[in-house]
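Quick notes on the structure that follows.
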Amino acid sequence: MDINSLLTWYRKEKRDLPFRKDRDPYKIWVSEIMSQQTRIEAMLGHYARFIERYPTIADLAMADEDELLKIWQGLGYYSRARNLKKAAQVCMVDYGGRLPNTKAELKKLPGIGDYTAGAIASIAYGQQVTAVDGNVIRVCSRYYWLENDFNQPKEKKKLDALLQEKLPGPQEMPDFTQALMELGARVCQPKTAKCEICPLNKSCKGAQRQHPEKLPIARKAITKTIETKPVIIQAAWHENQWQIRLHKRAARGLLAGLYEFDEILPQRVYQKYSLGSYEHVFTHKIWKMDGELVVTDYDSSFIPLIQCEKEMAIPSAFMPFYQQALDLLADLDGQTILESSETEKAEMN
Ligand code: SF4
C-alpha cells in the first residue's frame, strides 16, 4: 500500500475532531465506542456531553447507571454505555485507573472487541496492530481487489494478517490507522468510490476497474421479525404540572433497563390524542407502533415531566411519540381538564 501518499493526504485533509487533539486513550476509547453505527458528525454533541460529565476513567467508573443511560440517550445500543462503565471499573481495580496499552490486554475489557482494541492501541500508544472495521475492509478489498467474503471470520482474519504485514513503524501508526478510517469515511465510500481524489489511486487495483463499489461482497440481509406494539402515554395533571407514567424494562434483553410507556389504556380516559404510527427497526426485529396520548387520573406511579426529561433514558424507538406528546401537553390546559374530570367523577358517583 502507498502509505506515504495516504499519510500525506491525511495530515492535510483530516477533520478537526476533539478526540484527535491529544492522544488520550480514554477519549479515543469513548469516541470509538460512540462512533460504531453512528456518523462522527452525529455523535459529536453526545461525545462533548459525555466527556464533560465523565472527564476521567475514575468518574465513569462511579457513574450512576440511570444518569449514564440518560447521557447516552439517542445513541442506541445502550449495552455499550454499560460496558464502558464496567470496563472503567476494571481499569480502576486492575490497571491503576488507566487503560492497558496493548491490543491483547484491551480486548480483555468488557465491550472492547478486536477492532476497538486495535484502534486504541495503535492510535493512543502507537502499537503496530491492525484495527479492521467496515471502512478498512472496504478500502483494502478494493485496493488489493479481494473478492473474499469478509463477513466470514476466517476471511477477515486473512485480511488482518495481510494488513499486519504492511503496517508502518510505531511513529506512523496513530496516523495510519486514522488515515484508513478517514479514507473509508470520506473518499472510498460504500456507494461511491471517489477515485479521482483518492491518494491511493495510482496503485489501487479498484481504481483500474469500472465499478470498484462492487466490493466488498455485501452481507446477506438478516430476516427481521415484525411485532406490533401499542404505545400509550398516560398523562395526569397533578401539583400544577403534567406528570406521565413510565416503566423500567427488564434488566436483560432488548432495551434492557431503559424506560417505556404503557401498552394498554387506563380505566378512565378524559382526553385522547392519536400520536400516529411509526416503525422502529432493530438489528433482528421491527416494531410497528401506534401511539396515543391519554389524559387520566393521577396516582403515585406518575412522574413529573421535568424529572422525566432530566433523568429517564427513553429509547429512540419511542421518541417520535414522546416528542409529540410533549408538544401536545404544552398546549393543554391541565387545570381545566382536571376540574372537569373531577366534576365528571362526582356526577358518576
Ligand atoms: S482509488 Fe478508489 S477504489 Fe481505490 S481506495 Fe481510493 S477510492 Fe477506493
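Which of the residues that make up region 99-127 are touching a helix residue (DSSP H, G or I) at 6+ places or on another chain (Cβ under 7 Å) and outside any helix (DSSP H, G or I)?
Listed by number, the residues that qualify are Leu99, Pro100, Asn101, Thr102, Lys107, Leu109, Pro110, Gly111, Ile112, Gly126, Gln127.
So for region 131-147 (the condition being surrounded by 13 or more Cβ atoms within 10 Å (Cβ to Cβ), in contact (Cβ under 8 Å) with a residue 40 or more places away in the chain, outside any helix (DSSP H, G or I) and more than 16 Å from the ligand (Cβ to nearest atom)), does at least one residue qualify?
yes
What is the number of the single condition among (1) within 25 Å of Gln37 (Cα to Cα); (2) touching an Asp or Glu at 6+ places or on another chain (Cβ under 7 Å) that Ser274 does not meet?
So Ser274 meets the others, but not (1).
Tell me the residue from Glu292, Glu279 that is charged (D, E, K, R), surrounded by 14 or more Cβ atoms within 10 Å (Cβ to Cβ), assigned to a strand (DSSP E or B) and modelled with pLDDT of 95 or more, please. Break it down into steps so the answer makes sense when it comes.
Values: Glu279 fails: surrounded by 14 or more Cβ atoms within 10 Å (Cβ to Cβ).
Among Glu292, Glu279, only Glu292 is charged (D, E, K, R), surrounded by 14 or more Cβ atoms within 10 Å (Cβ to Cβ), assigned to a strand (DSSP E or B) and modelled with pLDDT of 95 or more.
Which ones in region 197-208 are more than 8 Å from the ligand (Cβ to nearest atom) and touching a residue at least 24 places away in the same chain (Cβ under 8 Å)?
Answer for region 197-208, where residues must be more than 8 Å from the ligand (Cβ to nearest atom) and touching a residue at least 24 places away in the same chain (Cβ under 8 Å): Lys202, Ser203.
Is there a residue in region 212-230 that is modelled with pLDDT of 95 or more, under 30 Å from Gly334 (Cβ atoms) and more than 10 Å from the ligand (Cβ to nearest atom)?
Scanning region 212-230, I find at least one residue that is modelled with pLDDT of 95 or more, under 30 Å from Gly334 (Cβ atoms) and more than 10 Å from the ligand (Cβ to nearest atom), so the answer is yes.
Could you grab me the full set of residues in region 1-18 that are charged (D, E, K, R) and either more than 15 Å from Gln171 (Cβ to Cβ) or not assigned by TED's automatic domain parsing to the domain that holds Leu159 (or both)? Explain how you work it out, then say what you get.
So in region 1-18, the residues charged (D, E, K, R) come out as 2, 11-16.
Those that are charged (D, E, K, R) and either more than 15 Å from Gln171 (Cβ to Cβ) or not assigned by TED's automatic domain parsing to the domain that holds Leu159 (or both): Asp2, Lys12, Glu13, Lys14, Arg15, Asp16.
Which ones in region 160-196 are assigned to a helix (DSSP H, G or I), more than 23 Å from Phe19 (Cα to Cα) and near the ligand (Cβ under 8 Å from one of its atoms)?
Within region 160-196, the subset assigned to a helix (DSSP H, G or I) is 160-166, 173-186, 195-196.
Cutting the leftovers down to more than 23 Å from Phe19 (Cα to Cα) gives us 160-166, 195-196.
Of everything in region 160-196, just one residue is assigned to a helix (DSSP H, G or I), more than 23 Å from Phe19 (Cα to Cα) and near the ligand (Cβ under 8 Å from one of its atoms), namely Cys195.
Go through Thr177, Thr192 for me and flag whichever is buried (at least 18 other Cβ atoms within 10 Å of the Cβ) and of a type in the set (Ser, Thr, Tyr).
Thr177
Output the residue which, of all residues in region 108-118 that are surrounded by 16 or more Cβ atoms within 10 Å (Cβ to Cβ) and more than 17 Å from the chain's Cα centre (by Cα), is nearest to Gly257 (Cα to Cα).
Per the criteria, the residue is Leu109.
Could you list, in sequence order, all residues of region 178-200 that are touching a Cys at 6+ places or on another chain (Cβ under 9 Å) and among the basic types (Lys, Arg)?
The one that is touching a Cys at 6+ places or on another chain (Cβ under 9 Å) and among the basic types (Lys, Arg): Lys194.
Sort through Ala236, Ala250 and tell me the only one that's out of contact with any His (no Cβ under 6 Å at 6 or more places or on another chain), closer than 22 Å to Glu67 by Cα and either part of a strand (DSSP E or B) or without any contact (Cβ under 8 Å) to a residue 60 or more places away in the chain (or both).
Values: Ala236 fails: closer than 22 Å to Glu67 by Cα.
Going through Ala236, Ala250 in turn, the sole match is Ala250.
Among the residues of region 36-62, which ones are among the hydrophobic types (A, V, I, L, M, F, W, C) and either under 17 Å from Arg252 (Cβ atoms) or touching a residue at least 24 places away in the same chain (Cβ under 8 Å) (or both)?
Ile40, Met43, Leu44, Ala48, Ile51, Ile57, Ala58, Leu60, Ala61
The values are calculated or read from the model by the stated rules, or taken from the named source; none is laboratory data. Worth saying up front: this structure is predicted, and the values here are computed from it rather than measured. Note: ideal-geometry Cβ built from the backbone for every residue, glycine included; neighbour counts use all protein chains shown.
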